[in-house]
1. Take the residues in segment 190-230 that are assigned to a loop (DSSP other than H, G, I, E, B) and among the hydroxyl-bearing types (Ser, Thr, Tyr); name whichever of them is modelled with the highest pLDDT.
2. Any chance segment 71-86 includes a residue that's surrounded by fewer than 18 Cβ atoms within 10 Å (Cβ to Cβ), under 17 Å from ASP213 (Cα atoms) and hydrophobic (A, V, I, L, M, F, W, C)?
3. Would you check if there is a residue in segment 147-158 being over 17 Å from TYR37 (Cα atoms), assigned to a loop (DSSP other than H, G, I, E, B) and polar (S, T, N, Q)?
4. Taking the condition in contact with a helix residue (DSSP H, G or I) (Cβ under 7 Å, 6 or more places away or on another chain) and either under 20 Å from GLU89 (Cβ atoms) or of a type in the set (Val, Ile, Thr) (or both), does ALA179 pass?
5. Can you name the residue in segment 68-114 that is among the hydroxyl-bearing types (Ser, Thr, Tyr) and not in a loop (DSSP other than H, G, I, E, B) and, of all such residues, is farthest from ALA38 (Cα to Cα)?
6. Taking ARG155 as meeting all but one of (1) closer than 14 Å to HIS119 by Cα; (2) crowded, with 20+ Cβ neighbours inside 10 Å, write down the number of the exception.
7. How about segment 80-130: which of its residues are in contact (Cβ under 8 Å) with a residue 60 or more places away in the chain, more than 17 Å from ARG180 (Cβ to Cβ) and touching a Gly at 6+ places or on another chain (Cβ under 9 Å)?
8. Quick one: which residue in VAL66, VAL98, VAL34, VAL43 is surrounded by 17 or more Cβ atoms within 10 Å (Cβ to Cβ), at pLDDT below 85 and of a type in the set (Val, Ile, Thr)?
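The values are calculated or read from the model by the stated rules, or taken from the named source; none is laboratory data. Nothing here was measured: the structure is a model prediction, and the numbers come from that model. Quick reminder, even Gly has a Cβ in these numbers, built from the backbone with ideal geometry, and neighbours come from all protein chains shown.
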Amino acid sequence: MAQGMNLKPFYWGLGVVALGGGAWIWTSMNRGGVEMYAEPLAVSETSGAASFPGYVKGSDAALVEVNEYADFQCPACALFWTLTFHDIEERLIRTGQVRWRFHDRPIDGSHRFARMAAHAAACGDEQGAFWPMHDQLFANQAAWSAERNPERTFRGYARAVGLDVARYDDCMQTGRFRARIQAEAEAADNLGITSTPTFVIGRMRISGAQPYDQFKRLIDSLSAKVAPSR
């Protein structure tokens, strides 16, 4: 009677393959969800994205434009959004006095998820929902910043603001706005903007989560200078 085959080496090898495959999948997902957004890009990629004008809120006819440079993981940026931006939006942007332009200025290193968050907002913009995603990210910053990987949380925000989640997933997985975000960061560097939030109003530059009254004084002063004479 023939002896049975010893299948232990076979099953051991199969287990190693399965374990290795599982590790590859986990590593790939983790890398794609976090590290992918910080990988360096070719100059040709970023130069092609350098013409992006930022995300705009307000009238084209406004006399004053404010350029905000911010990082979605920056606590001071979230503080500004909480304490000041709502008043600016209600009293200055919606009344036609100010045009607001938001630029991504991720602070790499200390803010590990800043570029991923910026990319989630860009994917929202692809479906006409940058500002709702912007608000979700700042309103919930303390929660997602403490996560190991906020990718699923960002996906939940996308669903909450009414995005087509399949389109959002494709946008995130392909990382198609990485070059644009890097180009924005490089443009800010060229302007000497190294901290967030920073606001450029005409030739003036202010940094930090300044109160509404500070913006109102600057904007009123600039409006008086640029208003057409009668």
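1. Here the residue is THR196.
2. The initial filter retains those residues of segment 71-86 that are surrounded by fewer than 18 Cβ atoms within 10 Å (Cβ to Cβ), namely 75-76, 79, 82-83, 86.
Checking the rest, the ones that are also under 17 Å from ASP213 (Cα atoms) come to 79, 82-83, 86.
Still in the running and hydrophobic (A, V, I, L, M, F, W, C): 79, 83.
Checked segment 71-86: at least one residue is surrounded by fewer than 18 Cβ atoms within 10 Å (Cβ to Cβ), under 17 Å from ASP213 (Cα atoms) and hydrophobic (A, V, I, L, M, F, W, C).
3. Of all residues in segment 147-158, those over 17 Å from TYR37 (Cα atoms) come to 156-158.
Those still in the list that are assigned to a loop (DSSP other than H, G, I, E, B) too: none.
No, there is no match, as no residue in segment 147-158 is over 17 Å from TYR37 (Cα atoms), assigned to a loop (DSSP other than H, G, I, E, B) and polar (S, T, N, Q).
4. Values: in contact with a helix residue (DSSP H, G or I) (Cβ under 7 Å, 6 or more places away or on another chain): yes; either under 20 Å from GLU89 (Cβ atoms) or of a type in the set (Val, Ile, Thr) (or both): no.
The answer is no for ALA179.
5. Step one: list which residues in segment 68-114 are among the hydroxyl-bearing types (Ser, Thr, Tyr), which gives 69, 82, 84, 95, 110.
From the residues that got through so far, the ones that are not in a loop (DSSP other than H, G, I, E, B) too are 69, 82, 84.
Details: TYR69: 19, THR82: 28, THR84: 30 Å.
By that ranking, first place goes to THR84.
6. Evaluating ARG155 over (1) closer than 14 Å to HIS119 by Cα; (2) crowded, with 20+ Cβ neighbours inside 10 Å leaves (2) as the failure.
7. PHE80, LEU92, GLN97, VAL98
8. Every option except VAL34 fails the conditions.
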